[in-house]
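Chemist: Pasting a structure here, questions to come.
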Amino acid sequence: NAGVTQTPKFRVLKTGQSMTLLCAQDMNHEYMYWYRQDPGMGLRLIHYSVGEGTTAKGEVPDGYNVSRLKKQNFLLGLESAAPSQTSVYFCASSLLSGNEQFFGPGTRLTVL
Amino acid sequence: AQSVTQPDIHITVSEGASLELRCNYSYGATPYLFWYVQSPGQGLQLLLKYFSGDTLVQGIKGFEAEFKRSQSSFNLRKPSVHWSDAAEYFCAVVNDYKLSFGAGTTVTVRA
């Protein structure tokens, strides 16, 4: 099992560009999450999904959109990137709400 | 909403010495609590979790944590630190469907 994988690992964008981050899990988990990690702020939840076809907002959803068309995939989109979105993005999944979350290796995004 | 606070931003400890990382949680029903570790450039790995029952929880890599309801704490401990324990440690609590993370404590291990 690969667990949780994220694509790409690194990306540099110019302000105003768009991109999509892909998260995939092979554990048949229902719940999937996108976090961003910034120095001194821990991990903050951007969006999450409680099952295929569902999405919900987390703490810091502005400027991001998500889709969960397939159970194993959770996509995070930036429509018009801003320097404030420079961060490390982590995807996670869990079998049930409140269970252990399994994390991907992260995507380091820089917006110039 | 439940939340956690990690009072220590950075701790330096000598190799072989004991380590204790503090975590305080806000009041709620019996919390579901976690400790995660993040090595440089890596994702997060679960060290241990507390849902209910025995308040002393054993985890991987020789770590343990004790849930103390009277102090609203879930402190992480290791009796003898190894150089490979240098990392960032996060306490987290279940908050509705989600985890709320503390800001993290960075541990530096000196020889």
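Where a number appears in this text, it was derived from the coordinates with a stated rule and is not lab data. The structure presented is a predicted model; accordingly, all values stated were derived computationally and were not measured. Cβ: placed from backbone, ideal geometry, glycine included. Neighbour counts: every protein chain shown.
Chemist: Calculate, in nm to one decimal, what B:S80 and B:T55 gain on full extension: separation in residues at 0.36 nm each, minus their alpha carbon distance.
Modeler: That works out to 6.9 nm of additional length.
Chemist: Going out from 0 in 5 Å bins, what whole percent of all Cα-Cα distances in the stretch B:1-55 drops into each bin?
Modeler: It works out to 4, 13, 19, 26, 21, 11, 5, 1, in whole percents.
Chemist: Roughly how crowded by other chains is peptide A:55-68, in terms of the mean Cβ count from those chains within 10 Å of each of its Cβ atoms?
Modeler: That works out to 1 on average.
Chemist: A further question on this structure: Give me the log10 of I(q) over I(0) for chain A at q = 0.11, 0.14 Å⁻¹, as the Debye formula computes it from C-alpha points; what are the numbers?
Modeler: Log10 I(q)/I(0), no solvent term: -0.30, -0.49.
Chemist: Give me the dipole magnitude in Debye, nearest 20, for the stretch A:1-97 about the Cα centre, with unit charges on the beta carbon: positive for Lys and Arg, negative for Asp and Glu.
Modeler: 200 debye
Chemist: With N set to the number of residues, divide the alpha-carbon radius of gyration of the protein assembly as shown by 2.2 N^0.38 Å and report two decimals.
Modeler: 1.02
Chemist: So, one more: Select from B:K98, B:K61, B:K49 the residue whose mean-square fluctuation is largest in a Gaussian network model of chain B (Cα-Cα springs shorter than 10 Å).
Modeler: For chain B, modelled as a Gaussian network with Cα springs under 10 Å, the answer is B:K98.
Chemist: Here is a follow-up. Under a point spin-label approximation (7 Å from Cα along Cα-to-Cβ), what is the A:A82-A:M27 distance to one decimal in nm?
Modeler: About 3.3 nm, to one decimal.
Chemist: How big, in percent, is the set of alpha carbon pairs in the stretch B:31-111 lying more than 18 Å apart?
Modeler: 41 percent
Chemist: Just how far, in whole angstrom, is the stretch A:63-112 from the stretch A:1-25 if you go by their alpha carbon centroids?
Modeler: 8 Å
Chemist: Which one, A:F74, A:F102, A:F90, has the greatest fluctuation when you compute a Gaussian network model over chain A with C-alpha springs under 10 angstrom?
Modeler: Looking only at A:F74, A:F102, A:F90, the biggest GNM fluctuation is shown by A:F102.
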